[in-house]
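Asks: Below are the structure tokens for one structure; questions will follow.
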Amino acid sequence: MNETHFYARRQKLLDRMEEGVAIVTSAPTQSRSNDTEYLYRQNSDFYYLCGFNEDNSILILVKNPELTKTILFVEAYNAEHALWNGARLGVERARERFRVDDVHDISEYATMIKDVLREHINLYIDLYSDSTRLTEVKNAAQSLHSTRGVKRHIRSIHDVTHLIRSMRLIKSDEEIETIKKAIAITAEAHHTALRKCRTGMLEYQLQAAMSYVFLNSGASAEAYGAIVAGGNNANTLHYVDNRDELRDGDLVLIDAACEWELYASDITRTFPINGKFSDAQREVYEKVLDVQLRVIEAIRVGVKRDWLQMYSEELLCDALIELGILSGERSTLIEAKEHKKYAPHGIGHWMGLDVHDPCPYVDEAGESLAFEAGMVMTIEPGLYFRADDESVPERYRGIGIRIEDNILVTEEGYENLSAMIAKSVEEIEGICHNQL
Ligand code: GLY
Ligand code: MN
Ligand code: MN
């Protein structure tokens, strides 16, 4: 992605705005413990509009009949900061790099914001998470309200993230290439895990083998906390301890993936620690895989996301009936949400700059969105049978399986962007047996 792409996005946002002012801010740094910080992660909406990776920066878009203007506030170059944390881009270089109309030192923001808001009616801001900024602009608007000579005042506050995230829903070719890069590294990491897995290893050792691939390939970060869950740990959906031993005869569920230039991938594979599925594991695995393949196959332009969710629940419910875990009429079971006990999470989510891309799932009328070419989502059915769950035949207890791929909707139907990662029983056993 280069400045041409970011410029085009800012223009598109301006097109979608009514006359007014939009304010989008960078993410703050986060303290981890005294004097240490979490690895910085930019606010995805801010990054989407300017590709700038520094904290303490603000982007403002102004739209009125006389002029449309973009202003970026950045932290000035500061020798002290350069010594301890690295050089800031600074005002001058930001001016050269970004096709915005103005770049200012962030220290001027507090005074300039009043001038920027003057005579505007609509204010666009991150309404739901940026409470400090909201107070700041509200104070500026209030002060303008009682300033003599100002004729028009802020009357409507809109959520700017809704506009940006509607744009983020459809990925450009460049975004898809970036996601593919993240997936390619993640594919190598999953194949490394399949090859390196040995009975008696610790979950975090398998995680370390994958982290090595991510870092060694230059991935900017893991897209989320890796789940490496041996045996019954797979039945804790957000298991991130990753400290148990991997035991002979158990499966391991790995949900781990990296980011490339802040774009996520999100992949889960489940495989036998000793390289060979038991009959019971294989039976469940093939059911989950069959559901996943059928749901993916149903993806095409025009299909509604809610329909896909319902279809996946029907298929998972059928699988549970066929495995002898549920009995009765599918529709009655679904009505009573019986299947949710073993398949509690949704079929998937949008994916992009955030692993759970916060793009809308419904249109302005509240109706489920229909798929369009350029949307990217995960498809990740799972079945989870806790070791202590006596409602499940004994042979299936302790088995937790999820299979997750990243799917692009295309004009022709779909493209499975992670199709290169081993998934069938034969492919998985083939790789496990080929251990290094
Ligand atoms: N890794 C998070 C998820 O699958 O949604
Ligand atoms: Mn996911
Ligand atoms: Mn996942």
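Since every read-out is calculated from the coordinates, none of them should be taken as a lab result. Nothing here was measured: the structure is a model prediction, and the numbers come from that model. Cβ sites come from the backbone with ideal geometry, for glycine too, and all protein chains shown count toward neighbours.
Asks: Say the dipole of region 321-436 comes from +1 at the beta carbon of Lys and Arg and -1 at that of Asp and Glu; which of 326, 347, 398 then lies farthest toward its positive end?
Replies: Of 326, 347, 398, it is 398.
Asks: Ratio to report: Rg/Rh of region 131-229, with Cα atoms as the point set and Rh obtained by the Kirkwood method; give two decimals.
Replies: Result for region 131-229 is an Rg/Rh of 1.32.
Asks: On to the next question. To the nearest 20 debye, what is the magnitude of the charge dipole of region 11-162 about its Cα centre, counting +1 on the Cβ of each Lys and Arg and -1 on the Cβ of each Asp and Glu?
Replies: Around 460 debye, computed over region 11-162.
Asks: Which translational diffusion coefficient, to the nearest whole µm²/s, is obtained for the chain from the Stokes-Einstein equation, given a Kirkwood hydrodynamic radius over C-alpha pairs, 25 °C and 0.890 mPa s?
Replies: 102
Asks: Take the Cα pairs of region 68-110, get the Kirkwood Rh, then feed it into Stokes-Einstein at 25 °C and 0.890 mPa s and tell me D in µm²/s.
Replies: Answer, rounded: 227 µm²/s.
Asks: Tell me whether region 297-436 comes out rounded, prolate or oblate; compute the Cα gyration tensor, take square roots of the eigenvalues as a ≥ b ≥ c, and use a/c under 1.5 as the rounded threshold.
Replies: The shape class here is oblate.
Asks: At a 10 Å Cβ-Cβ cut-off, how would you order 145, 5, fewest neighbours first?
Replies: In order of increasing Cβ crowding within 10 Å: 145, 5.
Asks: Same structure, new question: Take every Cα-Cα distance within region 128-169, group them into 10 Å bins from 0 onward, and report for each bin the whole-number percent of pairs it holds.
Replies: Final binned percentages: 24, 41, 26, 8, 1.
Asks: As I understand it, the dipole of region 70-116 uses +1 on the Cβ of Lys and Arg and -1 on the Cβ of Asp and Glu, about the Cα centre. Which of 83, 98, 109 lies farthest toward its positive end?
Replies: So the residue we want is 98.
Asks: Which of the residue pairs 181/287; 304/423; 12/63; 114/151; 276/341; 304/341 have a Cα-Cα distance greater than 23 Å in the structure shown?
Replies: 181/287; 304/423; 276/341; 304/341, as the Cα separations exceed 23 Å there.
Asks: Okay, next question. Listing 129, 312 from the residue with the fewest other Cβ atoms within 10 Å to the one with the most, what is the order?
Replies: 129, 312
Asks: Could you give the size of the charge dipole of the chain about its Cα centre, using +1 on the Cβ of each K and R and -1 on the Cβ of each D and E, expressed in debye and rounded to the nearest 20?
Replies: For this selection, approximately 920 debye.
Asks: Right, here's the next one. Taking the alpha-carbon set of region 170-298, what are its Rg and Dmax in Å?
Replies: 15.2, 45
Asks: Less than 12 Å Cβ to Cβ from residue 210, Lys/Arg counted +1 and Asp/Glu -1: what total charge do the surrounding residues give?
Replies: -1
Asks: If you add up the charges near residue 87, with Lys and Arg at +1 and Asp and Glu at -1, over every other residue whose beta carbon is less than 15 angstrom from its beta carbon, what do you get?
Replies: In short, -3.
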